[in-house]
1. Considering only the stretch A:226-242, state which residues are within 14 Å of chain B (Cβ to nearest Cβ) and either surrounded by fewer than 22 Cβ atoms within 10 Å (Cβ to Cβ) or part of a loop (DSSP other than H, G, I, E, B) (or both).
2. Out of (1) crowded, with 17+ Cβ neighbours inside 10 Å; (2) over 23 Å from residue B:288 (Cβ atoms), what's the single condition that is false for residue B:29?
3. Might you let me know whether the stretch A:58-77 holds any residue that is on the phi > 0 side of the Ramachandran plot, buried (at least 17 other Cβ atoms within 10 Å of the Cβ) and in contact (Cβ under 8 Å) with a residue 12 or more places away in the chain?
4. Among what's in the stretch A:192-204 and is in contact (Cβ under 8 Å) with a residue 60 or more places away in the chain and surrounded by 23 or more Cβ atoms within 10 Å (Cβ to Cβ), pick the residue that is farthest from the other protein chains (Cβ to nearest Cβ).
5. Just one of the numbered conditions (1) surrounded by 15 or more Cβ atoms within 10 Å (Cβ to Cβ); (2) under 22 Å from residue B:24 (Cα atoms) is not true of residue B:99; which one?
6. Identify, from the list A:164, A:186, the residue that is more than 29 Å from residue A:11 (Cβ to Cβ) and without any contact (Cβ under 8 Å) to a residue 12 or more places away in the chain.
7. Please give the number of the condition residue B:34 fails out of (1) in a strand (DSSP E or B); (2) within 18 Å of residue B:232 (Cβ to Cβ); (3) at pLDDT 95 or above.
8. So, residue A:20, is that one touching a strand residue (DSSP E or B) at 6+ places or on another chain (Cβ under 9 Å), farther than 18 Å from residue A:295 by Cβ and crowded, with 22+ Cβ neighbours inside 10 Å or not?
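The values are calculated or read from the model by the stated rules, or taken from the named source; none is laboratory data. No experiment lies behind these values; they were computed from the predicted model shown. Note that each Cβ is placed from the backbone with ideal geometry, even for glycine, and that neighbours are counted across all protein chains shown.
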């Protein structure tokens, strides 16, 4: 069950209270893809510059991630981000941001990607998110992320996007900004009214709140003492979540079939696969939570590279036990 | 199974972004007692001044709370606190604090209270907490709270206290301050090494982390859209938790018997009732969480006065459902 992601690929420089790493592999599409690859096959679309180290591509490919959508822009430089975490490892400050090739990046999905049933639009301009959606005729489950910059500067287009996606994943500050409501339960419900069939508000070390048509619930983060670098936790969460959803649909044999024809893509958005029942969705949230809990235990993909699916399952057993009484 | 609490009784003035209330019933012992009264009988020890409205005492007594330990100080004024909540209702600022009778309050437990098997030492000076403990010869389960002021100014006495109690309940900022560690999982484990058999770190709207000898887990707060006034949530949490523990011990017929004699009280601290198995403790944490979720839905005890045990149980059903997948 292929899962497509369109997002950023970056060279990050990360400063934590105890350590600094320069030019390490990062970006929303990278974290998402790697996290999802524990569950399903992934197809990545993003842009990099000529400075892009080929070993990063090899690493992704070694996980079965299809990188044929990774465009190397001639004469371009890869997107770079430098951030510094405060003492509590929750708040961070962006010290430098060089958009480079991202400035003019118009996502173009390779022909074979357009059959993807599951699509994740990592945070980016709603214009590009909408254009990507238009290329993806078969997407049956579309989830998007967004961020404060676009909530402020492109609210109208974001509203258009929200009517065309199934799920929105965003963090607590973004949810408050989008709704002008400080209470996250009310904020989530208000976002539901903007269009999506479900909303997930990520709260970092405090877990996530899920809002569906019939239920609202909170799942806590897995309590890890080894928080090394929180970068990419949110995208890993989304990757684990959507990866599991794609896997579950494949297992249940409810792979949505792409119906080309006069109906057009627009009719298909939101035709939520019936396999994605509330129980599967909750499991997916839990898998997202646990995948992210590994990501933060190392810089870049360091910790994820050390684990396999078995370790995620073992942590899942602990997590289930933790929440049952 | 009587549960004793020693703490503050206050007249609070609370400013929220939308509403202000003057001189309403508050204080750690009040919130704790009322919350615990849904589960067990409670005996309160605190001091008030001559300005204390007798109807507040009547309200507590109407819940079966024994107020014979409520000392009215002649010529004294009741402790007053004025606080203002910020927009997100998490952070608050103390605008005014008048200790009044609390300044010289030396808790003296009435004779019949000294048989209490369960004792909660609400946040206060470790000197007074230790003196109270010395009076309570039969306490089998002693839980204490503390706060930043005492962590800074009376650390040594606090360390003595920590060796004599079974459980410590404190908030995230206090745990960080006590251990000088920003990671709450590491902080909780470090506090365990200071003496208590269990530690609960309260995270406000984000729930609580439990640390026991063999396990660490997180329970999220119940997601309520109706946060009116968070004052007293932490004490209500402790009240619901200890009230349930006392009830569970009574139901199981494992009421600890007070053994007077040459062993002295010191030997009995920490003789953790065997009825308090990990499962019961986790249930107690959940009841604390839910009792607190009602407290924040109104000013003072307003919301708690509207509910009965059935409503707590209904919310528990929802909570269990929310956490199972």
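1. Once the filter is applied, which keeps residues that are within 14 Å of chain B (Cβ to nearest Cβ) and either surrounded by fewer than 22 Cβ atoms within 10 Å (Cβ to Cβ) or part of a loop (DSSP other than H, G, I, E, B) (or both), the stretch A:226-242 yields A:226, A:227, A:228, A:229, A:230.
2. (2)
3. no
4. A:198
5. (1)
6. Result of the check over A:164, A:186: A:186.
7. Condition not satisfied by residue B:34: (1).
8. When the stated conditions are applied, residue A:20 does not pass them.
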